[in-house]
Amino acid sequence: MKRNRILFRLIAAGAVAIGAVSCAKKNEAPLPVYPVPTPAQVAWQKMETYAFVHFGLNTFNDLEWGYGDTPAETFNPTNLDAEQWARIIKAAGFKGIILTAKHHDGFNLWPSEYTEYSVRNSPWRDGKGDMVRDLVNACRKYGLKFGLYLSPWDRNHADYGRPEYVEYFHNQIQELITDYCDSVELFEYWFDGANGGDGYYGGAREKRSIDPDTYYRYGQAVELIRSRFPDAMIFGGTEPTIRWVGNEEGWAGQTDWAPYKPGDNPHYGSPDGTEWLPAECDVSIRPGWFYHAREDQSVHSLSHLVNIYYQSVGRNATLLMNFPVALDGRIHPLDSARIMEWRKTLDEQFKTNLLSGIEPTVGNTRGLSFKAANMTDGNWDTYWATEDTVTTGSAEFRFDTVTPVNRVLLQEYIPLGQRVAKFGVEYLDTLGRWRPVVTEDTTTTIGYKRIIRFETAAAKALRVNFLKSRGPLCINNIEAYLAPVLMVEPTIRRNAEGTVFISAAPGAKIHYTIDGTVPTTRSALFREPFRLARKGTVKAIAADPTLGTVSPVAARVFDIPTAAFSVVTPAGEKATAAFDGNPSTAWYLLLSKNRELTFDLGGTYTVTGLTYAPDANRWGMGPVSKYRIYMNDREVAAGEFSNIKANPIEQTVTFAEPIKGNRIRFAVDATADGAASASFSEITVLTE
């Protein structure tokens, strides 16, 4: 009997895939279009947003990827409060928290019985602290789900690369899920993708390479997890139930299929995918994943975070937002204030559903149980469906009066598969003409949720046209909103000569300061670019002169201008793009000819460090991963830019002590992607 059911499932899948007519009777549910999600995957996608917390030895040593040799004694938060994390994360609307219980440096945030490299040997709470336990208790108290991140790579463990380490790794998985997850729901387990390389390895200080697909015995590891938490999502490894979206910037593709197969672009998935692997978008609220005081002025802007929501949850993915907990053991006030602004803004943008209760007009339905009114009844488990042979159609919504609208939200009933491959949204204007709200090349897939933003339209009606589908339509929700205009903070940049440019939305007035104070509408009015040929901080706001509203504050810290910089080697190169103040341009150093960029500062300065940014454009390559820095031929810094391939942000190198000089040599020892050229988008120097 079981065999017959499996055979029927396979036949049904093939029939729908080739467009054959099923035997389903009118008023019966459509057959699934495979692959389809498990109930656990559906429940996970309904979470939509949840939080990451990165905290550990890296926090106290100003690192992103610790080498594994940092003493446990340096971990010492003075006011750690996991309940503060949970309160903020809960208030911001997130449904759970994933904790980095062990990052690549191997340091454990719980007193594991399998290693001494843990909080047990730190001064925090006299060695009696337990960060994992604290957060489990906080999640239980505030009704949040709990997730675990345990890095497979361990740069501290002496046996890494040998079979003994894998036993240690599995023992720690067992320890965490048994001793800590008895009172909370484990909703996700993270196996990070960074594996093997340079490390401390118990003092060996060498490079160790492994084959991650076989070395970690992921199959056994996942069995351990599923033995206690069969519904937990698995990120990474060889048996994932969700997929990495392919970047750490928080965006999925305009086209985003949950079906996926090996070789597919993780941004987009594929309608031909053989597994249901929906995308998760991971991104930090700051440039880095761990806390760095220098990034206090670089918390992502409100408008940027709002865009991230629309480009993740609004594109059939989930959003995993990281909070880098500060040195005192609490989420920084700047981060908490910004995420609360974000929550308030989203609540305002989705406050009133303009389609609630409206029964749309459709051209086809497969029966009363699948009527058009199901799309606006507020019940996720009811849906409008067409007959088996009908794979296109329209849903039209008529307003009683002309109604301004600028958002449309659509959802498919994904338990039966993801179907829509192309759709369009139109509004009926006051002259009775149907007009598209956006171009159709941006309206492809829907999936669990798709949100379309467009310029406010005065609409007498809305119409959604479903133009291409992998089977009969199954739409369970359509909503529309009039979102308030979001005052976006200005953009500030400075060119090589020291001229500052500030821009904002058309019609906004820009007010700014250069003395570090917070600008108000009484501050100087920006009328034209101005010179700041020295160190300084520029802050600016955009103000709506009609409504009296103002944007969040934008801030940029500048050091000495770069116009006087000149390239010494490679001889004959100007490398202008590396010093022009424009992050969209980049210069490439061909490593087969020269592995060093030497430049003269055009004067003598007391230098404390420098910043380096790789080419972060979509098709950029060659981010420097290992480097040496020389000042007047004296080595002043060396190291690695951890995680720069996945997160190509500006990197800061701080010298051990200030040094006076006029010439800097930047030696490239390796690029993160193995490219033959190293990219330099921007280099600046930091001076006293």
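The values are calculated or read from the model by the stated rules, or taken from the named source; none is laboratory data. Note that the coordinates shown come from a computational prediction; the quantities given were computed from them, not determined experimentally. Note that we place each Cβ from the backbone using ideal geometry, even for glycine, and neighbour counts take in every protein chain shown.
Inside region 188-215, can you point out the residues that are surrounded by fewer than 14 Cβ atoms within 10 Å (Cβ to Cβ) and acidic (Asp, Glu)?
GLU206, ASP211, ASP213, listed by residue number.
What number goes with the only condition from (1) under 23 Å from ASN465 (Cβ atoms); (2) at pLDDT 95 or above; (3) in the same structural domain as GLY417 (by TED's automatic domain parsing) that LEU354 does not pass?
(3)
If a residue has to be among the hydroxyl-bearing types (Ser, Thr, Tyr) and farther than 17 Å from GLN411 by Cβ to count, how many in region 459-485 make the cut? Full working, then the answer.
Going residue by residue through region 459-485, those that are among the hydroxyl-bearing types (Ser, Thr, Tyr) are 469, 481.
Next, only the ones that are farther than 17 Å from GLN411 by Cβ stay: none.
Residues meeting the conditions: 0.
Condition check: surrounded by 14 or more Cβ atoms within 10 Å (Cβ to Cβ) and modelled with pLDDT of 95 or more. Does VAL405 satisfy that?
So VAL405 passes the test.
Among the numbered criteria (1) more than 23 Å from the chain's Cα centre (by Cα); (2) under 30 Å from ARG243 (Cα atoms); (3) assigned by TED's automatic domain parsing to the domain that holds ASN247, which single criterion is violated by ASN322?
It fails just one condition, (1).
Kindly establish whether GLU497 is surrounded by 15 or more Cβ atoms within 10 Å (Cβ to Cβ), assigned to a loop (DSSP other than H, G, I, E, B) and in contact with a strand residue (DSSP E or B) (Cβ under 9 Å, 6 or more places away or on another chain).
So GLU497 fails the test.
Note down all Cβ pairs under 8 Å where the first residue falls in region 202-223 and is small (Gly, Ala, Ser), the second is not in a loop (DSSP other than H, G, I, E, B), and they're at least six residues apart or on different chains.
Going by the 8 Å Cβ cut-off, the qualifying pairs are SER209/GLY197; ALA221/PHE169; ALA221/HIS170; ALA221/ILE173.
Return a yes/no flag: does region 585-597 have any residue that is assigned to a loop (DSSP other than H, G, I, E, B), on the phi < 0 side of the Ramachandran plot and aromatic (Phe, Trp, Tyr).
No - not one qualifying residue is present in region 585-597.
Quick check on this structure: which one of GLU249, GLU280 is buried (at least 22 other Cβ atoms within 10 Å of the Cβ) and either among the charged types (D, E, K, R) or not assigned by TED's automatic domain parsing to the domain that holds ARG162 (or both)?
Result of the check over GLU249, GLU280: GLU280.
Can you find even one residue in region 272-284 that is in contact with a Phe, Trp or Tyr (Cβ under 6 Å, 6 or more places away or on another chain) and assigned to a loop (DSSP other than H, G, I, E, B)?
Taking every residue of region 272-284 in turn, at least one turns out to be in contact with a Phe, Trp or Tyr (Cβ under 6 Å, 6 or more places away or on another chain) and assigned to a loop (DSSP other than H, G, I, E, B).
Return only the number of the condition from (1) crowded, with 20+ Cβ neighbours inside 10 Å; (2) in contact with a Lys or Arg (Cβ under 6 Å, 6 or more places away or on another chain) that GLU185 does not satisfy.
So the condition that GLU185 fails would be (1).
Yes or no: region 148-155 includes at least one residue that is surrounded by fewer than 22 Cβ atoms within 10 Å (Cβ to Cβ), in the same structural domain as ALA232 (by TED's automatic domain parsing), in contact (Cβ under 8 Å) with a residue 60 or more places away in the chain and within 30 Å of the chain's Cα centre (by Cα).
Yes, there is a match, as at least one residue in region 148-155 is surrounded by fewer than 22 Cβ atoms within 10 Å (Cβ to Cβ), in the same structural domain as ALA232 (by TED's automatic domain parsing), in contact (Cβ under 8 Å) with a residue 60 or more places away in the chain and within 30 Å of the chain's Cα centre (by Cα).
Restricting to region 169-217, and then to whatever is aliphatic (A, V, I, L, M) and more than 30 Å from LYS46 (Cα to Cα), can you tell me which residue is farthest from the chain's Cα centre (by Cα)?
That would be ALA204.
Hey, any hits in region 634-655 for a residue that's surrounded by fewer than 20 Cβ atoms within 10 Å (Cβ to Cβ) and farther than 24 Å from GLY68 by Cα?
Yes.
Quick check on region 422-468: of everything there that is small (Gly, Ala, Ser) and assigned to a strand (DSSP E or B), which residue is surrounded by the most Cβ atoms within 10 Å (Cβ to Cβ)?
So in region 422-468, the residues small (Gly, Ala, Ser) come out as 424, 432, 447, 457-459, 461.
Restricting the remaining residues to those that are assigned to a strand (DSSP E or B) gives 424, 457-459, 461.
Values: GLY424: 18, ALA457: 20, ALA458: 12, ALA459: 25, ALA461: 19.
So the residue we want is ALA459.
For the subset of region 521-555 comprising residues that are among the hydroxyl-bearing types (Ser, Thr, Tyr) and either surrounded by 14 or more Cβ atoms within 10 Å (Cβ to Cβ) or under 32 Å from the mean Cα position of the chain (by Cα) (or both), which member is nearest to MET487 (Cα to Cα)?
SER551
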